[in-house]
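Colleague: I have a structure here, written as structure tokens, and I will follow up with some questions on it.
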């Protein structure tokens, strides 16, 4: 299975770098595990060319920091049917999925991992509280990557917000 | 009773903006303002940090145009380490930076036109917003939308190959660059499979210009008349008057083309440019000292650059430049929506420059860095996609930054954006008792022409990108609503 794990955020803004830190850890872990077929990507934010990047994947997991009222993290399906943000040059995951479908006629299975963050100043480094959430998200995601067939089409595996 | 209407945020611009329009008792526009949250605190934050960190630190400002900040800071640090003011680098150092910069310019201009502006042109600014967006473009003009995606991707790949990585790129270092262009990257950019090669990028850059010119021919009065007003214009130009987006001297002209700043060294910018603070906006209002606050404001960006330069040093863009200049009979162009026309000529120029650089052997070999004698003050300017970007740093004996002053492109365009909003507000809202969605979009069309970057860099989920406030005439908050992106 072709899998893309895509973290985005600005690591120069403390917990905004949660998604990127997670992807870095997962990449190190995948090397140790010898996982095949998984691509890792990081960027400041999603943008239109990511519609092309996800078009040849079967499973895509976006990872981002979150200020939502959640305990630690959540894992939700992205289908491009909800509200599609187009307010800035940055795009939402749903927007990318929708654009991928319209431009490339592809519909990869896409999820978004929201990791709760707390500090957003001009500093490097994840806050201690957010690191706990990062650890939990990592532990949640690794079994999925070892056997991704279980998550596709199985709502029971979601940890909804 | 007078009314105050707040439109927040402004959509399809970088980050967040807020527009307030004050109506008088007759429902005519009394006053309008465009408010922006700027990079508060950053200039203080960098104080005490080692100077060599600046080109990487400044990328924390903004995830939208980190390359522009990276290179402007690097140019300032070049001065600090005695490596010259943009002309003292090795051929490899300067040309690799230029390639990075043209990659940034190319992807930014492509994204702006195809995905932020084309919905207004293809569907009309008063069309249903449900279709007046890039998904609508994808449905009805798929080829255009795909071109936008792939041109943006090509530019991003150029940045990756020169800056080293997408996040916190480290390509530009004090006095030069940290790597050569790899043979594999060069081959891929020049001869890679369609569409990701420079030949296709040149082809598409020309075709999108033709698309715009055809639109202009059919909609000339709209493009010419929308929020048009005379202004001064400022940018860097090469010493011989050519357009140069990476380095040059500061030139400013008035609305008739008379020179106000006659090719001055930007290390002396403080002698010529002042910034005014106004109580209602976090963003300052720069102006030319010689003309004062009332008359010294100016435009920057593509429109200004094509007004200040004498010619464009690449053949295809020069041919387009000559057609463009003929529209205003050689005089400066003061039409707001001609920003798009000018931007597309710069898109073509950027593609030509990338092709020239990719064929230059200096990128593959040669010294990367020069060193000199350190000084205490360094100023770096370049022409970012949105306009002239100023980075000014000073250091102490311990190599720590003691001062940072940044004038970003959008700050330079603060007054003209406000005036554009005011033009549209009067044209569309005078005498109206109801503010419709097309009216609101007309205001945004004016702002979008400048492609402002209002980003605060943090974009985490639930970060309240939508914040709507409604005040009465006495300044009392009547209502406030939040929304968040998916």
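Nothing in this text is a laboratory measurement; each read-out follows from the coordinates by a stated rule. Just so you know, these numbers come straight off a predicted model, no measurement behind them. For neighbour counting, all protein chains shown are included, and Cβ atoms are generated from backbone atoms with ideal geometry for every residue, glycine included.
Colleague: Ignore the peptide's own chain and count Cβ atoms of other chains within 10 Å of each Cβ in A:103-111; give me the average, rounded. Present the calculation step by step, with values, prior to reporting the outcome.
Modeller: On the way: counts 12, 4, 1, 0, 0, 0, 0, 0, 0.
Counting Cβ atoms of other protein chains within 10 Å of each residue's Cβ and averaging gives 2.
Colleague: Here's something else I'd like to know. Rounded to two decimals, what is the ratio between the C-alpha radius of gyration of chain A and 2.2 N^0.38 Å?
Modeller: It is 0.97.
Colleague: I would also like to ask the following. Do the sum for chain B: with -39,500 (n - 2.57) for every DSSP H run of n ≥ 4, divided by all residues, what is the mean residue ellipticity at 222 nm, to the nearest 500 deg cm²/dmol? Numbers along the way, then the final one.
Modeller: Numbers: 17 runs with 192 residues, N = 486.
When only DSSP H runs of four or more count, the value is -12000 deg cm²/dmol.
Colleague: Evaluate the relative contact order of chain B (contact order divided by residue number), counting alpha-carbon pairs under 8 angstrom at least 6 apart; express in whole percent.
Modeller: Details: 1002 pairs, mean separation 123.8, N = 486.
Computed over chain B, the figure is 25 percent.
Colleague: Cα axis of helix B:91-111 to longest principal axis of chain B: angle in degrees, 0 to 90, nearest 10?
Modeller: 20
Colleague: How large is the Kirkwood hydrodynamic radius of chain B, counting all unique pairs of alpha carbons, in Å?
Modeller: On the way: mean 1/r = 0.0435 Å⁻¹.
Computed over chain B, the radius equals 23.0 Å.
Colleague: When DSSP beta bridges are limited to those with both residues in the range A:3-157, what percentage is antiparallel, rounded to the nearest 5? Numbers along the way, then the final one.
Modeller: Values: 6 of 26 bridges.
Here the share of antiparallel DSSP bridges comes out near 25 percent.
Colleague: Something else: Using the Kirkwood formula over every pair of different C-alpha atoms, what hydrodynamic radius in Å results for the range B:345-387?
Modeller: About 13.9 Å, per the Kirkwood formula over Cα pairs.
Colleague: I need the calculated FRET efficiency for the pair residue A:1 and residue B:242, taking r as the beta carbon distance and R₀ as 56 Å, to the nearest 0.05.
Modeller: 0.60
Colleague: Compute the separation of the alpha-carbon centres of the range B:291-307 and the range B:379-449 and state it in Å as a whole number.
Modeller: The range B:291-307 and the range B:379-449 have Cα centres separated by 12 Å.
Colleague: In degrees, nearest 10, range 0 to 90: what is the angle between the Cα axis of helix B:338-358 and the longest Cα principal axis of chain B?
Modeller: 20
Colleague: At what distance in nm do the modelled label points of residue A:35 and residue A:107 sit from each other, each positioned 7 Å from its Cα along Cα→Cβ?
Modeller: Distance between label points: 2.6 nm.
Colleague: Which residues among the range B:75-105 fall inside the zone where the amide N is under 15 Å from a point 7 Å beyond the Cα of residue B:364, along Cα→Cβ?
Modeller: Of the residues in the range B:75-105, B:92 have backbone N under 15 Å from the label point off residue B:364.
Colleague: Determine the percent antiparallel among the DSSP beta bridges restricted to the protein assembly as shown, to the nearest 5.
Modeller: Values: 56 of 82 bridges.
If I count the DSSP bridges inside the protein assembly as shown, around 70 percent turn out antiparallel.
Colleague: Could you work out how much longer the chain between residue A:139 and residue A:77 gets when fully extended? Use 0.36 nm per residue separation minus the Cα distance between them, nm to one decimal. Before the final figure, lay out each step's value.
Modeller: On the way: separation 62, 0.36 × 62 = 22.32 nm, distance 1.86 nm.
Net length gain for the segment: 20.5 nm.
Colleague: Moving to a separate point now. Which of the three applies to the range B:193-250, rounded, prolate or oblate, going by the alpha-carbon gyration tensor with a ≥ b ≥ c and a/c under 1.5 meaning rounded? All intermediate terms of the calculation are to be shown ahead of the outcome.
Modeller: Working: a/c = 3.54, a/b = 1.06, b/c = 3.35.
Oblate, since a/c reaches 1.5 and b/c is not below a/b.
Colleague: For the protein assembly as shown, take the convex hull of the Cα atoms, compute a quarter of its surface area, and give me that in nm², please.
Modeller: Computing the convex hull of the Cα atoms and averaging its projections yields 28.0 nm².
Colleague: Okay, moving on. With r as the distance between the Cβ atoms of residue B:182 and residue B:259 and R0 = 35 Å, compute the FRET efficiency 1/(1 + (r/R0)^6) and round to 0.05.
Modeller: For residue B:259 and residue B:182, the calculated efficiency is 0.20.
Colleague: Still on this model: So between residue B:131 and residue B:47, what do we pick up on full extension, going 0.36 nm a residue minus the alpha carbon distance?
Modeller: Gain on extension, residue B:131 to residue B:47, equals 25.5 nm.
Colleague: Also, I was wondering about something else. Helix B:198-218 against the longest principal axis of chain B: what's the angle in degrees, Cα atoms only, rounded to the nearest 10?
Modeller: That helix lies at roughly 30 degrees to the long axis.
Colleague: Report, as an integer, the average count of C-beta atoms from other chains found within 10 Å of each Cβ along A:9-22.
Modeller: 5
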